[in-house]
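A quick write-up on the structure given underneath.
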Amino acid sequence: VVFSNEINSHPTAFQTYLDDLEAPFCLFGINGQSTSTIIHEFGHYYASLHAETSSYDLAEVQSQGNEMLLLAYMKSLMNPKVYGALRGYTMYANMNTIISCVIIDEFEREVYSLDSVVGFKSADFDAIMTKVCEKYGGVDWVWENVGDMNDYWRQVATNNPVYYISYAISLTSAMNLYASARSDMDAGCEAYRILVEEVTEEDTYLTMLKKAGLPSPFDTEATEQVISVVWGMRPTVNTDSQ
């Protein structure tokens, strides 16, 4: 593990596996030394001690889940008002990430379903993004509460296409882990240990969630847990009005 304040070194943080040394490696550059970043990368580091590779989805649960466990643990250490502010900001940031990732994924699906984009200009892709954003509260709401999605597609969808949805899936599971830890910290820690230490070559992302006692992100239970931890209550459905 290396913490570097050298301006010419890698500026952010990353974790990798060094085959020559047969050991995981973490570097925290000058702009990558926040508490959340350190906890995130140490989640990857911990996982690398037990397996050299992992699916993107599971790998990000291992890192984001570590952040969520810290958030649950901090409740016992912090002033309630300070903790409330930290928790509120974290949940806002998490939902922002999930929504932006899903929007990017739908944008990519729209683009890749076209027969051809020959002759397309930026404005044509902006129009596709506008169409997608209308499904999520409208362009004005998305721009104000999530971010400039046209800027997103110019960076994410062109430089790192087709994988951004992974962050929405993994973060949903990480928040399910937080829901478990919020109710029972020991149970949450055990679920996290299973996700890191008991991965086999035969396991998929969904089989690992099942091993750890967490719902599939494609099940209603997972969504209900996310809503519960964000708003502090279970969602209800008024069947009389339907």
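The values are calculated or read from the model by the stated rules, or taken from the named source; none is laboratory data. Given the structure is predicted, the values throughout are model-derived calculations rather than measurements. Because the Cβ atoms are built from the backbone with ideal geometry, glycine has one as well, and the counts that use them run over all protein chains shown. Each accessible area value is taken on the protein alone, full model and side chains, heavy atoms only, with ligands, DNA and RNA left out. Shrake-Rupley method; radii C 1.70, N 1.55, O 1.52, S 1.80 Å.
So the values come out like this:
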item: Sulfur and carbon atoms: percent of accessible area, the stretch 158-228 [1.4 Å]; result: 50
item: Top of SER116, SER183, SER36 by mean-square fluctuation, Gaussian network on the chain, Cα under 10 Å; result: SER116
item: Size of charge dipole - the chain - debye, nearest 20, with Cβ of Lys, Arg +1 and Asp, Glu -1, no other charges; result: 880
item: For the chain, built as a Gaussian network whose Cα springs stay under 10 Å, the top-fluctuating residue of ALA13, ALA181, ALA72; result: ALA13
item: FRET efficiency for LYS135 and TYR56, using Cβ-Cβ distance with R0 set to 30 Å, rounded to 0.05; result: 0.75
item: Accessible area of TYR92 in the full protein assembly, 1.4 Å probe (Å², nearest 10); result: 120
item: Distance between modelled label sites at THR12 and GLU144, nm, 7 Å Cα→Cβ extension; result: 2.9
item: Accessible surface of the stretch 22-153, 1.4 Å probe, proportion on carbon and sulfur as whole %; result: 56
item: Average accessible area per residue (Å²) across the chain - probe 1.4 Å, nucleic acids and ligands excluded; result: 57
item: Signed unit charges on C-beta, dipole axis of the stretch 130-235, positive-most listed residue TYR178, ALA212, MET149; result: MET149
item: Cα-based equivalent ellipsoid, the stretch 122-218: semi-axes from gyration tensor eigenvalues, Å; result: 35, 17, 10
item: Selection of GluC sites (Glu not before Pro), the stretch 110-219, meeting DSSP coil and at most 11 other Cβ within 10 Å; result: GLU201, GLU202
item: Base-10 log of normalised Debye intensity for the chain (one unit scatterer per alpha-carbon) at q = 0.07 Å⁻¹; result: -0.27
